[in-house]
Amino acid sequence: MILSVQGVTKWFGEAPARTDALRNISFSVDHNEMLYIVGPSGSGKTTLLSVISGILRPNSGSVVVEGKDIWRLSADALADFRLHTLGFVFQDYHLFPRLTTLENIAVPLVLRRVPWEQGLEKARHVLEVVELADKAQLPPQRLSGGEQQRVAIARAIVSEPDLLVLDEPTASLDGDTGRRIVAFVRNHVLNERRAIIVVTHDDRIYEYASRIIHMEDGRIVDEPRPTA
């Protein structure tokens, strides 16, 4: 097991105006598993993602990643977790327009103090993995939406994180491109030491999930279930 979430709650504000965003959330994720968290807008998916990713502290409960409760870590150790253990792919990619595709991918390695040329070399290898080696010197604005998504995935995996989180990976893509991206991630990124969490409302990509958790009003409304 790579991730265990137990009894997590999160609220905003104080009574009587308090909003309960997460209500006693518990689930786990195994290695080599692609878990989907799905539900309508306002169900708590984004809040849960932020708690799992070490961005938003819960009011109660635990988030244990690779045996460590991340919310008991020091600020420096938590930052190290986000840099080394977690890979995050944002909905709108967050690519740097003034950098080339290759340079965008190398950024996490720079933050880890990897020498620039060494970082670029590793970024070239990951570009080959995502099948964009011929786009290395192009800026992001010269790429299609699907290509930008693959660059964002490459940037997230270049530091070899154990837990990869994708936030609405198909939100700005057409159906065929979205399915290709998710199939690509499952086939090329998922492995026996890594797990992937996908937050989505796109039922067109449900077929690629190992399991699906449904959320509504801050709760898990049914048990995770296997897909066909």
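Are there any pairs, at least 6 apart or on different chains, whose C-beta atoms fall under 7 Å, with the first in the stretch 134-151 and without any contact (Cβ under 8 Å) to a residue 60 or more places away in the chain and of a type outside the set (A, V, I, L, M, F, W, C) and the second open to solvent by 50 Å² or more (accessible area, probe 1.4 Å) and not in a helix (DSSP H, G or I), and if so, which?
Within 7 Å, the pairs are Pro139/Pro97; Pro140/Pro97; Gln141/Pro97; Gly145/Ser172.
Take the residues of the stretch 43-65 that are of a type outside the set (Ser, Thr, Tyr) and surrounded by fewer than 14 Cβ atoms within 10 Å (Cβ to Cβ): which is nearest to Ala156 (Cα to Cα)?
In this case the residue turns out to be Ile55.
Could you list, in sequence order, all residues of the stretch 3-38 that are among the aromatic types (Phe, Trp, Tyr) and open to solvent by 60 Å² or more (accessible area, probe 1.4 Å)?
Hits for the stretch 3-38 are Trp11, Phe12.
I'd like the full set of residues that are within 16 Å of the chain's Cα centre (by Cα) and open to solvent by 80 Å² or more (accessible area, probe 1.4 Å), limited to the stretch 81-96.
Across the stretch 81-96, the qualifying residues are Arg82, Gln91, Asp92, His94.
For the stretch 152-228, list the strands (runs of 3 or more DSSP E) that sit wholly inside it and hold at least 3 residues that are open to solvent by 20 Å² or more (accessible area, probe 1.4 Å); which are they?
211-216
Would you confirm, using the coordinates I've provided, whether Val107 is in a loop (DSSP other than H, G, I, E, B) and of a type in the set (Val, Ile, Thr)?
Taking the combined requirement at face value, the residue does not satisfy it.
Any residue in the stretch 66-82 that is on the phi < 0 side of the Ramachandran plot sitting within a Cβ distance under 9 Å of a residue that is part of a helix (DSSP H, G or I) and of a type in the set (Asp, Glu)? List the pairs, counting only those 6 or more apart or interchain.
If the second residue must be part of a helix (DSSP H, G or I) and of a type in the set (Asp, Glu), the pairs left are Leu73/Asp80.
Somewhere in the stretch 117-129, is a residue in a loop (DSSP other than H, G, I, E, B), more than 29 Å from His201 (Cβ to Cβ) and out of contact with any strand residue (DSSP E or B) (no Cβ under 6 Å at 6 or more places or on another chain)?
Scanning the stretch 117-129, I find no residue that is in a loop (DSSP other than H, G, I, E, B), more than 29 Å from His201 (Cβ to Cβ) and out of contact with any strand residue (DSSP E or B) (no Cβ under 6 Å at 6 or more places or on another chain), so the answer is no.
The values are calculated or read from the model by the stated rules, or taken from the named source; none is laboratory data. Not measured: the values here are computed from a predicted model. Here the Cβ is made from the backbone with ideal geometry for all residues, glycine too, and neighbour counts use every protein chain on show. Surface accessibility is based on the protein's heavy atoms, side chains included, excluding ligands, DNA and RNA. Shrake-Rupley method; radii C 1.70, N 1.55, O 1.52, S 1.80 Å.
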